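To start, the structure under review is shown below, and the notes come after it.
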There are 2 protein chains.
Amino acid sequence: MMEHDIFRALADPTRRTIFEKLATGSLNASALRQGMEISQPAMSQHLAVLRSARLVREQREGRFVNYEVDPDGLALIVEWLAKYRAYWPARIDALKLLLKDMDQ
Amino acid sequence: MMEHDIFRALADPTRRTIFEKLATGSLNASALRQGMEISQPAMSQHLAVLRSARLVREQREGRFVNYEVDPDGLALIVEWLAKYRAYWPARIDALKLLLKDMDQ
DNA sequence: GAATCGCATAAGTGTGTGCTTATGTGTCGT
DNA sequence: ACGACACATAAGCACACACTTATGCGATTC
């Protein structure tokens, strides 16, 4: 189940940090390691988990592999969240921002 | 970190099932066990995890404990998601529904 | 073509996690 | 007050998971 892969992937704080780094733009595996005190194999393994969860996708460029946020994974989270919209608090500032962006 | 508690709580498929059961309305621990092949202690432990993640809140009624979805946890997920709104696909039907509900 | 670089994979290890059984705590009915 | 009930907690165990070191693989550089 991909829903499971997504939540399991995001359960690890290191992977969330990696994912948030990619929120600012595409980066390769080495660039992602900058300032993170993480070994190269560990980073590679984390990226593999994020990739199989469709939270991240790769774009090979020679011997580099650029990673970027994959909208597919995010869409699945949004769809999952939609099941609970009856319980969302009436005022969520972050949501207001989202609405504006989506209305364009 | 509460963000961590939330994603860790949702990483377990049994806890997601419990949470989704509560999406339809308030239930006590025994009612939640119906049709789930899960022991009473296991259910109690799962509810404790969901509760400490603020995904669920309890309402004691005599010797029963009714559980319901806690909007606070959902709000934190929405705020986390907001960081990636630049990567959301342009058309997400579920989101469209959300927008309508939020605009009332 | 040999060395180096960027990254992936394999194998092993310590820790976290979800389960079990057993027991504790508080509430209700009689 | 006593037993039954709803639930929480404790302790122990099997397994998953994130890390390590070592090695493999393809691309680049000289």
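Might you check whether a residue that is buried (at least 16 other Cβ atoms within 10 Å of the Cβ), within 12 Å of chain A (Cβ to nearest Cβ) and more than 8 Å from DNA strand C (Cβ to nearest atom) occurs anywhere in the range B:44-53?
Yes, the range B:44-53 contains a residue that is buried (at least 16 other Cβ atoms within 10 Å of the Cβ), within 12 Å of chain A (Cβ to nearest Cβ) and more than 8 Å from DNA strand C (Cβ to nearest atom).
Without any contact (Cβ under 8 Å) to a residue 40 or more places away in the chain and either over 19 Å from A:Leu10 (Cα atoms) or loosely packed, with under 15 Cβ neighbours inside 10 Å (or both): which single residue out of B:Glu68, B:Glu37 fits that description?
Details: B:Glu68 fails: without any contact (Cβ under 8 Å) to a residue 40 or more places away in the chain.
Of B:Glu68, B:Glu37, the one residue that is without any contact (Cβ under 8 Å) to a residue 40 or more places away in the chain and either over 19 Å from A:Leu10 (Cα atoms) or loosely packed, with under 15 Cβ neighbours inside 10 Å (or both) is B:Glu37.
Select, from B:Leu22, B:Leu27, B:Leu74, the only residue that is more than 16 Å from DNA strand C (Cβ to nearest atom), over 22 Å from A:Glu3 (Cα atoms) and not hydroxyl-bearing (Ser, Thr, Tyr).
Numbers: B:Leu22 fails: over 22 Å from A:Glu3 (Cα atoms); B:Leu74 fails: over 22 Å from A:Glu3 (Cα atoms).
Result of the check over B:Leu22, B:Leu27, B:Leu74: B:Leu27.
May I ask you to list pairs of residues, at least six apart or on different chains, whose Cβ atoms are under 7 Å apart, with the first in the range A:1-22 being hydroxyl-bearing (Ser, Thr, Tyr) and the second being buried (at least 18 other Cβ atoms within 10 Å of the Cβ) and in a helix (DSSP H, G or I)?
Close Cβ pairs satisfying both conditions: A:Thr14/A:His46.
Restricting to helices (runs of 4 or more DSSP H) lying wholly in the range B:34-104: which have 1 or more residues that are touching a Cys at 6+ places or on another chain (Cβ under 6 Å) and either modelled with pLDDT under 80 or more than 17 Å from B:Lys21 (Cβ to Cβ) (or both)?
Working: elements: B:40-52, B:71-82, B:93-102.
Those helices (runs of 4 or more DSSP H) do not exist here; none qualify.
Report yes if some residue within the range B:1-18 is touching a helix residue (DSSP H, G or I) at 6+ places or on another chain (Cβ under 9 Å), in a helix (DSSP H, G or I) and modelled with pLDDT under 95; otherwise report no.
Yes, the range B:1-18 contains a residue that is touching a helix residue (DSSP H, G or I) at 6+ places or on another chain (Cβ under 9 Å), in a helix (DSSP H, G or I) and modelled with pLDDT under 95.
The values are calculated or read from the model by the stated rules, or taken from the named source; none is laboratory data. Computed from a prediction, not measured in an experiment: that's the story for all the values here. Positions of Cβ are backbone-derived with ideal geometry, glycine not excepted, and every protein chain shown enters the neighbour counts.
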